[in-house]
Structure formats: C-alpha cells, structure tokens
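Everything on this sheet refers to the single structure shown next.
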Amino acid sequence: MAEEEDRRPRELLAERAFTRLGSARDADGAIAPEKIAEVAETVARQVRLAGELGADRVRVVATSAVRDASNGDALARAIAAACGLPVEVLTGEEEARLSFAGAIGMLREPPLGELGVVDVGGGSTELAVGTIADGVTWSVSLPLGSSVATHSDLPHDPPSVDELTRLRARIGAIFDAVQAPRPTIAYAVGGSATSLQQLVGSVLGPHALALGLQALVGHPSAEVARQLGLHAERVRLLPAGILLLDAAARTLRAPLQMGGGGLREGVVLEELRRAARA
C-alpha cells in the first residue's frame, strides 16, 4: 500500500508471502489444486487488509509463475473468485515496462540518456532500455528466473561447483542470443538485487557479484540467512539470482546499480496516474 508524495509512492505497508509457485508445478506445468487454493486465500487476505486500511484502488497482477503455468487461467479465476477483483496476467513486455517505470520513477534525480533496467524474478528475467521521455524503447523477457533455475539446476543446498558451472553455461546460452542496446546506466531491481545490496553494496559489478556468490555457497541457505538477517527462502534463490544478474550486466555491458523501485512500484505509479486522470 502506498500514497503519493512528491509525485512518487510513499510506502505505507508492505507484506510479502513466498508462494513457491515456481516449484509447485508438476511435469506438465500445472499447479496443484491445493496450491491454487492456498495462493487464492493469501491474495484474498491481502485484499481484505488493504480494504480495512482504506485503500481507494486495489490492483491484482500476476507474472510469469502464473503466465507460464499450463493451468494459470484456473489460478487466476480462483484468485478473482476469492478476492472479488479481476487478475491481470502480465505479459513479459508489460513486466519489463512496469519494472522500468518503477526503477526510474523512484529515482529522485534520474539521469539523462538511455537507461537500462534488469528485473530478475522467480520465473523470468526482464531487461529493458529506454529514456525518461520515451519510456521503454527496447525490452526482452527471458523464460528463466531465480526460482525456476534453482529448482531445476541447483538441487543441493548449498549448490555444488558442478551445478553452478552447468547453470552458468545454460544462462550464458540464453543471454548470448540477446542483442541489447548499451545504456548509459543500468539498474537492478527485484528480490535478488535488493537482498544482495546488504551483502555486496549498491553496485553489482562482476567482482561484487563473484564475492556475493562465494559468500552464499559455502554454507546451507538457512545458516547464511541467519547470519544476514534475510529470509531463508530468499537466500536459497540468491546463487541463481547472482548468475542471472551477472549475465544481464554483461549483456548490457554495464555494471548494475540498485534501482529505486521495481515492478510493484511501477504498478503503483501507474495506478496513481490513472487516479489523477479519473
């Protein structure tokens, strides 16, 4: 929940729930009925809370975990029935656009020139390049995120050297096909980037990412999470997130700085502008 302050969202309340949708799909890509019911109730409870706290506008969006599931439409219908609001399943292009809007829109003094934004999510990774004036002029959505990569390629906790090597090669093959414009400055958003800031600082260059990976893979995620004061589920996904961020930085040919916001801020900014026009 947020309200407008100086043309930007000021956060009033944030609540996160790890739904584990990326690992909840079966071999056919379908989400189990019990997981659908669980997620629908989670969203419905959050919508009720927003209403109790006086939210004027509530928007429900879903990303790649729902978009890529073979029965994602069933989950969207269940959520809509439980919370009484339509569910907007974003395309990869829309994810990139909203992540760009959230990252750049939350900066107090956005720089001029072409700007890049990388959003490593659980099920996909979005890269976007654009300007303040024109918005996104180039974007791509890649079907690999930190959760999907962790559960498919890093089964051990901590991951082995061989697992990390194979995943790095897989990610490299995906990113090698991307021909991206080179921005003046690039920003990283999303859970992986935000969590890494505490570990390696606000600039995610190759050296910082390598140090972060080294610090994460020496011990089980629960132990590292206790040391860093992070959620164990988030730490479990960070090695894959680092490899994806590193590949994105190399593709954009620029170190990644921490963005001011991300997808959710982009959604809120868009809603604030719609409300102002209404």
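The values are calculated or read from the model by the stated rules, or taken from the named source; none is laboratory data. Small disclaimer: the values here were computed from a predicted structure and weren't measured. Counting neighbours? That spans all protein chains shown, and the Cβs are built from the backbone with ideal geometry, glycine included. Heavy atoms of the whole protein, side chains included, go into the accessibility calculation; ligands, DNA and RNA do not. Shrake-Rupley method; radii C 1.70, N 1.55, O 1.52, S 1.80 Å.
How large a share of the accessible area of the range 130-278, in percent, is made up of carbon and sulfur atoms when the probe is 1.4 Å and the other protein chains stay in place? C and S fraction of accessible area: 54 percent. How big is the range 64-185 by the Kirkwood estimate over distinct Cα pairs, in Å? Value: 16.3 Å, from the Cα pair sum.
In plain terms, the chain from D56 to I174 could stretch by 38.3 nm, reckoned as 0.36 nm per residue minus the Cα-Cα distance. Using 0.36 nm per residue and subtracting the Cα-Cα separation, the extra length available between T165 and Q214 on full extension is 16.3 nm.
Applying 1/(1 + (r/R0)^6) with r as the Cβ-Cβ distance of M258 and A37 and R0 = 41 angstrom yields a FRET efficiency of 0.65.
Share of pairwise Cα-Cα distances greater than 18 Å in the range 215-278 is 60 percent (whole percent).
Ligands, DNA and RNA aside, T184 has an accessible area near 100 Å² when probed at 1.4 Å. If you wrap the range 128-172 in the convex hull of its Cα atoms and look at it from every side, the mean projected area works out to 4.2 nm². In the chain, the DSSP-assigned H stretches of four residues or longer account for a calculated mean residue ellipticity at 222 nm of -15500 deg cm²/dmol, using -39500 (n - 2.57) per stretch and the full residue count as denominator.
For the options R25, R253, R48, a Gaussian network treatment of the chain with springs between C-alpha atoms closer than 10 Å singles out R48 as fluctuating the most. Length gained on full extension, A133 to R7: 43.8 nm, using 0.36 nm per residue less the C-alpha separation. Take the alpha carbon gyration tensor of the range 1-140, find the square roots of its eigenvalues, order them as a ≥ b ≥ c, and report rounded if a/c is under 1.5; if not, report prolate when a/b exceeds b/c, else oblate. The shape class here is oblate.
Evaluated at q = 0.24, 0.33 Å⁻¹, a Debye calculation over the C-alpha positions of the range 1-45 (equal weights, vacuum) places log10 I(q)/I(0) at -0.83, -1.14.
Inverting the pair-averaged 1/r between distinct Cα atoms of the chain gives 19.3 Å as its Kirkwood hydrodynamic radius.
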